[in-house]
Structure formats: structure tokens, C-alpha cells
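For reference, the structure discussed in these notes is given below.
Where a number appears in this text, it was derived from the coordinates with a stated rule and is not lab data. In this text the structure is predicted, and so the values were computed from the model without any measurement. Every residue, glycine among them, receives a Cβ derived from its backbone with ideal geometry; neighbour counts consider all protein chains shown.
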Amino acid sequence: MQKKNRKKSFWSRFGRMMAYIGIALMMLFLGIYLSTPIYIFNEPRPFSGEYLYNPYQNINPDQWKKYNFHCHSRRFFGLTDGRQSKEPVIDSIYQFMGYDHYGISDYMSINRHNVEKEDFIPAYEHGYGLFRKTHQLCIGAEKVWKIDYPFVQNLNIKQHVINKLGEHSRFVIPAHASFTDAYKPKEMAYLSNYRLLEILNPYGIAIEHWDVALSNGHRVYGIGSDDTHNVLNPHEVARNITVINVPDMKEETVCDALEKGQSYVLKCDNEYYYHLPFEIMSKDLRSAAYLKMAKLSGDTLFVETSADLVKAVDFIGQDGKTLKTQENVKTAFYVIQPEDTYVRTRIDLNDYQHIYLNPVTRHFSSIIIDTRLDSVNVVLTTLYYLVYAVVLIIIIRYAIRKMKAKKNDSNPTKH
């Protein structure tokens, strides 16, 4: 009987302990959510002005280099990411594929592999969310911001996360935006204070998000990523390549080029490459046509690659509308109209390789002032904090009274 009572007492204590842990975690997450300031957002406006900024006006076509910033190494015993991707294996596969840089971006951790090399750029993927993956790729990260909102995020929280991550990272990049509907296209009209958007990722394409951001006056440039979890699987490697125009591979040089939009995304279709071995993929990637020219002459944009002919060139503008298409050409051109707020270009090199260029955007002068729509509503935030403080004090006082009452009930001799 005593053994049974001891067993029952053990499970009773264990149950209480787990309940306390659950309450503590709930209070922790509740505190994180409630501590977020309240933002107000100005209404967005499309690009306007007489000055046309073209990020490719002075590029050197001999300086293109292939990058992948989004790759996971083996962590947590391979349960969550990088199932086969140990660092030396990542090195060998991406070197074989002809990449100039392959950055590791583990979850909530900066991997220091290859830190001694000139091209090392610290990066990590921010976010704990499992069901609604509102994640961010942080490039040029000084340290990891450990706080996140893993359950649900509204526009207010998403802007706050971008702002906080930007305090310790050169670039904060919304990752796989359409995956699990983490970022809604309509939200991109208001989100600001970021330069790069992961427009192509095997887990989420964000072309629509990109056009919404651009149509609302946000100078955002695209990157493409493999988001590799198993580099031994050819299906996961060399899907989306960020190609950057840089004379050297120092971190500052690369980041400056990304800041200016001197890069493009090369997409290699999964359907075509799905059953092909690394050898054929590597050969195709190394021989892929590259951008030779995207130059403005007056108000006319001329685009040309190293290919003799490309299958098609689409010029795309406000609200993602196709402005002009040219097929089977070597050099394509588009005359930018006064009503065009931006013009971006998609080049179909062939049936399975596609180039996405960054946009030409309108501004009032060559001194570009980027749109920032968010600001903290100090009055409303202070009011909310006061309400939370009063409610917390009431709860604590109530809990103390209940504990005292329970203690008195358990000690009748004190009555």
C-alpha cells in the first residue's frame, strides 16, 4: 500500500512539475508577444521621378561569380536539417558544381566553417516556427538574435523582427516567403527596412511578393537559394543561383554589390534536372549563358547575354504586368514609358534555364532615398505596456493571496 502511495505521489509531483514548466513557457512566450511595440504604417506609394536607376549600368561581364547563401549542415543529430550535409561534403559538392561561394546558414546558429577564408560571410536562418515558417535569412550576421514568435505573426511582429535582426545583420532576407503562407503578398506592400528578398527557393517562390513590394515603392532586389538539406541529393543542389558582379570575394565587396542590385538569379528547372547526375548538372551550370549587358541609353533598356540567341525576354512592370516580350533574339530592348514605375527583366535562356534581373526603378534624383513606412506608435505602445503591467500586478497579487489562503488552510493550528 505504501509503495502504491509513493508511486501515486511521484506521478502527482511529476504532473505538477510539468504543469509549472508549461505555465512558465506560456508566460515566457506571452511576455515576448506582449512586449512587442505597436507600429503604425504609412500608405505606400509607387516609385516616381525622372531619374532611372539601373543597377547594371556599369557592370563588368567578366566578373560574375556564383553564390548560394542558404545551405544547412548536419545539426541536432540530423533530425531537423542537414541530414547528410557535413561541412567537408558541402565543400566538395559545391566546388564540383563550379560555385565560387557556398555559405552555410544553420538554424539560429552561425557556422564558422571556412572562417579563415577571404570569402567567408557569416550567416544563419532565423526562426523557430515549425508550422508557419516565418523565417529570415541573415547575411553578414554579427550575432544571433535568439528571440522569435513561433506560433503566429501579424504585420506588426514581422516588421519588428526585420528591424531587430537588422541591428546585427547586414541583410535581413524574408526566406521562402510563400512556404506555409508565412508572408502574404499583400503584406509586402507595407514591410520595409530590408534590401533583399529570396524570390526563388525550392520550398517557396516569391515572385508575386517581389512585384507587390516593387509596385509599392520598395527597392528590393532578388536572390535565389538552394536551401539545401542534403547535398548528396542532386535534386537539391544548383536549383537557384545568385550570380554577383564583383572583382573580389571579400565580404564587404560582395555586400556592397548586393546592396546596389548588381546581381541576378539563375533558375535551373527541377523538372529537367530531376533525374540527372551531378556530372551533367555541373557541365550545364558551368556553361550557362551569363548577362553581358543591361544598359540604359536614354529611356531605352538594352539587354543581352553571352548566348547567340535566347528563347524569350520578358520586360515586367507595375503590378507584375508583362510590358513586352521578344522571342529568339540576341539583344532585347524596351523603351521605358513615363508611366512605368519600375521595369524588371526575365530571360528564358532555353527551356530549363532562366535569368531574373533586378529592376530599373524611378527616383527623383541620383541620391536615392528608400521608402520606410514603419514607425513605433509611442503613445499606444506605452498605453498597452501600462495595461499589461496593471493586469500582471493584479494576477500576482491574486496568486499570492491564494497561496497564503492555502497555507493557512493546511495549518489549522494558526487559526
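One table, with the values for the structure above:
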item	result
Spin-label pair GLU271/GLN95, simplified geometry with 7 Å Cα→Cβ offset, distance in nm	3.6
In order through segment 42-47: 3J(HN,Hα) via Karplus (6.51 cos²θ - 1.76 cosθ + 1.60), integer Hz, x for Gly, Pro	6, 6, x, 9, x, 4
Exposure proxy ranking, count of Cβ atoms within 10 Å, fewest first, for GLU251, GLU142	GLU142, GLU251
Spacing of the two label points (7 Å from each Cα toward its C-beta) at HIS168 and THR180, in nm	2.2
Burial ordering of SER92, SER169, SER306, fewest other beta-carbon atoms within 10 Å first	SER92, SER306, SER169
Helix 378-409 axis, angle to the chain major axis (alpha carbon atoms, nearest 10°)	30
Sorted by Cβ density within 10 Å, fewest first, the residues MET188, MET281, MET108	MET108, MET281, MET188
Sequence-distant residues sharing a close amide H with LEU323 (under 5 Å, placed H)	PHE315, ILE316, GLY317
Positive-end residue of SER287, PHE47, PRO150, charge dipole of the chain with Cβ unit charges	PRO150
Cα extents of segment 52-198 along the three principal axes, largest first (Å)	50, 42, 25
Charged-residue dipole, Cβ positions (Lys, Arg, Asp, Glu), segment 273-398 about Cα centre, Debye nearest 20	320
Segment 267-415: C-alpha gyration tensor shape, a/c 1.5 cut-off, then a/b vs b/c	oblate
Folded to 0 to 90 degrees: helix 2-34 orientation relative to the chain principal axis, Cα	50
Vicinal HN-Hα couplings computed from phi for segment 175-185 (Karplus, 6.51 cos²θ - 1.76 cosθ + 1.60; Hz; Gly/Pro x)	9, 5, 4, 8, 5, 6, 6, 5, 10, 8, x
Degrees between helix 87-96 axis and first principal axis of the chain (Cα, 0 to 90, nearest 10)	20
Two-decimal Rg/Rh across the chain, once Rg and the Kirkwood Rh are taken from alpha-carbon atoms	1.09
Magnitude of the charge dipole, the chain, Cβ model with Lys/Arg +1 and Asp/Glu -1, debye to 20	3720
